[in-house]
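Contents: one structure, followed by commentary.
Computed from the coordinates by the stated procedures, all read-outs in this text should not be read as laboratory data. Computed from a prediction, not measured in an experiment: that's the story for all the values here. As a convention, Cβ positions derive from the backbone with ideal geometry for all residues, glycine included, and neighbour counts pool all protein chains shown.
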Amino acid sequence: MTTPRISAPSVEAFSAAILRHLKLSLGKDPEHASLYDWRMSLALSLRDHVVEPWFESTRKTYEARGKRVYYLSMEFLIGRLVEDVAVNLGFEDIAEEAITALGQNYGDVVANEPDAALGNGGLGRLAACFMDSLSTLGIPAYGYGIRYEHGLFEQHFEEGAQIETAETWLSQAHVWEFERPEVTYPIHFGGHVAVEDGKTVWHAGETVMASAYDTPVLGWQGRWANTLRLWAAKPTTNFDLESFNRGDYIAASAPEALARTISRVLYPDDTTDVGKELRLKQEYFFTSASLQDLLRRFLSEGGALKDLPDHVAIQLNDTHPAIAGPELVRLLMDEHQFEVAQAITTARACLAYTNHTLLPEALERWPEDLFARVLPRHYRIIQLIEAAHFATAGETVRIFEHGEVKMGELAFVMAHHVNGVSALHSELVKETVFSDLNAAYPGRIINQTNGITPRRWLYTCNRPLRGLINDTIGTAWPDNLDQLSGLTAHVEDSAFLDRFQAAKDANKARLADWLKARDGVSVDPAAMFDVQIKRIHEYKRQLMNLLETVALWNDIRANPNGAWTPRVKLFGGKAAPGYVVAKEIIHLINDAARVINADPVTREFLQIVYPENYNVSMAEMLIPAADLSEQISTAGKEASGTGNMKFALNGAPTIGTLDGANVEIRDCVGAENFFLFGLTAAEVTARRAEPDYARTAIAASPRLSEVLDQIRSGLFSGGDRDRYVNLVNGLYDHDYFLVTCDFDAYFAAQRQVDTAFADSRTWTRMAALNTARVGWFSSDRTISGYAKDIWQAQSLLEQRDADQNVA
Ligand code: F58
């Protein structure tokens, strides 16, 4: 194991630091301190130890003059940081002992921190895992994004229906960030473009300022820390004094209110067109600020812009920052006198693009008129980019089409590499969404299968299993996850399996306590915890899970004395506020839960639990406690999934389709340790071409027909036959995601799960093999792949350690 970078303080010294912050930073004495005060004091005491490695990493980065990675992402779904920082510093025990010595409960103090929920789901969480791995690997990098005032909405259930309220994480001081009032850039919108003295000039209609806030991102054992720089929108003038003096107080504050709108809320909707203009402005806002910032940094070191690609690798996390292509061209042409061709070539050599979806509706397109109005200069530059692309590749693929600007095509054309996020997904990217571009630019599309940080997703969230792994294979695995394969040798050892099961049981008991305390819900920790947690989407097929639950309920009722394997079906996840069908699915799950959970005949065998407001912290509680991982998307639709990796790592076998990274997980854990069912991606496409495929499937399945009839009859909606009529009819008429076609296979696979779970020793062995065999899914492996295949970026850790030793 590498030695920790930071020498730990004694418990006494750390307690004294907490008390000092309580007094001097919070202005409280211990007698009057609230949980909030203790948490803030703990966070500040930890932060004191982060600053030095952060400075040192920054110094080393400047000295090396090598390549820096810039990860541009609209979303960073971070979660809590107190425990994460304590763990990475190697101070977790000291922090806990100090807080305990001060009379506080460490778990409660840590749980007092609100989640930084600056993301919707997998894409945003991936960005956070990547930041963790970039620091752990010591690759000089900056994350760039938006400092949203309101993160992802909070979800409440009213009579089972989802209600959204604003999230308010910044209503408390955010101790992890440092405001940088001196780092600001103007961001222009609108206006018009004119040619003056042979030069194209953009006369903007509106300007806001992007203002930087920096968060250090500490890697494992504090050996390196990169920066996450988030931009807040501010007005060019804070306050219109003239209006104020006239008594028009609203107009006086208007500039600030208007500017702040841009960084006010995280875009919560992954389906509809609402707020399009604001979203386009958000995208341009953070992309332009980030590019201006990295150019300023590059130029301040005396670099010549033609050499930019040797020093700068810019990764676009999906199409959201795709405006980076034309913006970099604009900066090079309009501010640094590059010719068009040279500007395009230079920009492309810096840029790479990650695709996260094959769903056509999720590939961004902007109406041309909107785009030309908001970004008139970029509109023209994209015309130049398209012309250059036509000249090289012919006119088969256009960036402008049907009155829209297609951001996927723009990102592709302006990137030197495009990557998918799992092996299957990358192949489908080549064959479907970008088949023509793949033919025009062979070799540009590559694969980088996603990964997850084992520090958060095992070491920190699953202490019981951490302890067992440490005792079994030593402590070097958190930054070398392949070492988990060393557990394989122990899966025939019954003492090891006992401890593995004991760890799972402890996590289940903890979840049960938490559900009781938070929601008043009692669950039986001896039952199988069958968990599906993710955004609610038709392609993820939470509906199929619910239909299977109802079918199982029917079977148990028909044979209450059967040898049923007790199950708790746990659901978690939010629906986009405008996504009507997803919200109906949530409502139905809650309605069915009310009826099924109240049934005395089935109660000991089946329960549905749907805790509201699923977020990163809830995932950290649910995943270690799961027995079964539900990864049941329609094959060909889930780009990768990362939850699937987290469950397997924490010893929960998967029931799943051959979709996304499930394919690679199954290859790693072994087919016998994975419950596979369902159509393959090719079969899905073929089945969809068959007439009436859904009605045929329903007619062939008495079990499914019965369930659909029950839902339609109002059995779960108090006799209200209207509530789910559209949802059920949708399955008959346009079951695009083939719930009906996969239902029977899914039901059968679940019965195999029942049988397997009933043999607890075999099950535990299967669970342990899942943990032992998924080390490859560490985001350290993923980031090493990006560094080698896309960025040509080096780790500076060895260099840093060598210098350290000399000193
Ligand atoms: C997800 N995309 C993929 N998008 O669905 C998942 O398979 C993959 O594992 C993950 O990315 C990481 O690669 C995703 O989370 C979003 O949340 C977008 C947010 C902005 C609007 C469009 C959807």
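A few notes on this one:
- The chain - charge dipole about Cα centre, Lys and Arg +1 at Cβ, Asp and Glu -1, debye rounded to 20: 660 debye
- Stretchable slack from N105 to A495, in nm (0.36 nm times residue separation minus alpha-carbon distance): 137.2 nm
- Chymotrypsin sites (Phe, Trp or Tyr not before Pro) within the stretch 226-317: DSSP coil, no more than 16 neighbouring Cβ in 10 Å: F239
- Amide H to amide H distances under 5 Å link V312 with R68, where only residues 5 or more positions off or on other chains count and H is placed in the peptide plane.
- When the convex hull of its Cα atoms is viewed from all sides, the stretch 659-807 shows a mean projected area of 15.9 nm².
- Normalised by 2.2 N^0.38 Å, where N counts its residues, the alpha-carbon radius of gyration of the stretch 613-694 equals 1.21.
- Hz values of 3J(HN,Hα) by residue in the stretch 671-684 - Karplus curve (6.51, -1.76, 1.60), Gly and Pro given as x: 4, 6, 10, 8, 9, 8, 8, x, 5, 7, 4, 5, 5, 4
- For the chain, with +1 on Lys and Arg beta carbons and -1 on Asp and Glu, the positive-most of V50, L428, G660 along the dipole: V50
- For the stretch 352-405, applying the loop criterion from DSSP together with a ceiling of 16 other beta carbons within 10 Å to the trypsin sites (Lys or Arg not before Pro) yields R398.
- Placing +1 on the Cβ of every Lys and Arg and -1 on the Cβ of every Asp and Glu, with no other charges, gives the stretch 524-777 a dipole of roughly 340 debye about its Cα centre.
- Additional length obtainable on full extension of the chain from D334 to R398, 0.36 nm per residue less Cα span: 20.6 nm
- The chain: calculated mean residue ellipticity at 222 nm from DSSP helix runs of at least 4, using -39500 (n - 2.57): -14500 deg cm²/dmol
- With kT/(6 pi eta Rh) evaluated at 25 °C and eta = 0.890 mPa s, and Rh the Kirkwood radius from Cα pairs, the chain diffuses with a coefficient of 88 µm²/s according to Stokes-Einstein.
- Annotation for the stretch 527-622: trypsin sites (Lys or Arg not before Pro) lying in DSSP loop with at most 14 further Cβ atoms inside 10 Å of their Cβ are R603.
- Taking every DSSP bridge with both residues inside the stretch 132-232, close to 85 percent are antiparallel.
- Counting beta carbons within 10 Å around each of I262, I250 and listing the fewest first gives the order I250, I262.
- By DSSP, the beta bridges lying fully in the chain are antiparallel in about 45 percent of cases.
- Across the stretch 321-338, computed HN-Hα scalar couplings (Karplus, 6.51 cos²θ - 1.76 cosθ + 1.60, θ = phi - 60°) run x, 5, 5, 4, x, x, 5, 5, 4, 4, 4, 5, 7, 7, 10, 10, 6, 6 Hz from first to last residue, x flagging Gly and Pro.
- With θ taken as phi - 60° and the Karplus curve 6.51 cos²θ - 1.76 cosθ + 1.60 applied, the whole-hertz 3J(HN,Hα) list for the stretch 615-621 is 8, 4, 5, 5, 4, 5, 8 Hz, x standing for glycine and proline.
- Cα lying deepest toward the dipole's positive end in the stretch 391-536, options P454, H490, V418, charges on Cβ: P454
- Prolate/oblate/rounded label for the stretch 340-498 (Cα gyration tensor, a/c 1.5): prolate
- If you wrap the stretch 524-777 in the convex hull of its Cα atoms and look at it from every side, the mean projected area works out to 13.0 nm².
- Amide H contacts of L570 (H built 1.01 Å from N, in plane; Pro and chain starts excluded): D530, V531, Q532, V609 sit under 5 Å, all sequence-distant by 5 or more or on other chains.
- Remark: E798, E31 ranked as E31, E798, counting other beta-carbon atoms within 10 Å and listing the fewest first.
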